[in-house]
1. With r as the distance between the Cβ atoms of Thr113 and Lys73 and R0 = 35 Å, compute the FRET efficiency 1/(1 + (r/R0)^6) and round to 0.05.
2. Pairs Lys76/Lys110; Lys73/Lys110; Lys65/Lys100; Lys88/Lys119: which exceed 29 Å Cα-Cα?
3. For Arg45 and Arg123, calculate 0.36 nm times their separation in residues minus their Cα-Cα distance, and state this gained length in nm to one decimal.
4. State, to one decimal in nm, how far the label point of Asp133 lies from the label point of Ala104, with both points 7 Å from Cα in the Cβ direction.
5. Given a 1.4 Å probe, how much area per residue of the stretch 75-141 is accessible, in Å²?
Amino acid sequence: MNPFAAVAVKTVGAASAAVLLSLGVVQAASPSPSPTPTTDQRSDRRAVARAVFESEAAVLGLTPKTLREDLRKGQKVSDLAKDKGMTKEQFASRLVANVKPRLAALVDHKVITQAQADKVIDRISNGHIPFWDGLHRTTPK
């Protein structure tokens with residue numbers, strides 16, 4: 001390579017690096033428009049799911065760990081409730097009574113809103129009971 005070509009390659013390379021670095025610096029210096037809400041959405045969903053799951057376990061007279069193990073073994077909440085002599089309606093009403101104070105605590109600690117808590121109570125009251133028909137896993141392709 002002749003000396004002129006070597007200088008040209010170095011100049012173009014240095015200019016490209018400078019442009020990329022300046023774009024990165026400008027991008028890093030500009031504030032982000034807003035914090036990512038996905039973390040908050042996930043944390044409130046997890047908190048609600050945990051409250052409902054712990055309430056289901058309590059209604060069944062189990063620890064959450066035992067309920068989780070039973071579900072992984074293929075049990076259904078409906079079978080466990082039936083073993084305790086409860087119908088779906090009875091289980092739902094007991095679940096609502098048990099989960100209300102847990103959700104109220106989440107509202108008080110500003111983890112979720114009152115509207116979210118009301119929605120969870122409404123869904124359970126209308127017959128949507130998590131794990132009633134067991135764990136539904138998606139099979140990987």
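The values are calculated or read from the model by the stated rules, or taken from the named source; none is laboratory data. Not measured: the values here are computed from a predicted model. Cβ coordinates were reconstructed from backbone atoms using ideal geometry, including for glycine residues, and neighbour counts include every protein chain displayed. Heads up: the accessible areas ignore ligands, DNA and RNA and are worked out on the full protein's heavy atoms, side chains in. Shrake-Rupley method; radii C 1.70, N 1.55, O 1.52, S 1.80 Å.
1. Given R0 = 35 Å and the Cβ-Cβ separation, E is 0.45.
2. Beyond 29 Å between Cα atoms: Lys76/Lys110; Lys73/Lys110.
3. Gain in length upon complete extension: 26.6 nm.
4. Those two pseudo-labels are separated by 3.3 nm.
5. Counting only protein heavy atoms, the per-residue value for the stretch 75-141 is 69 Å².
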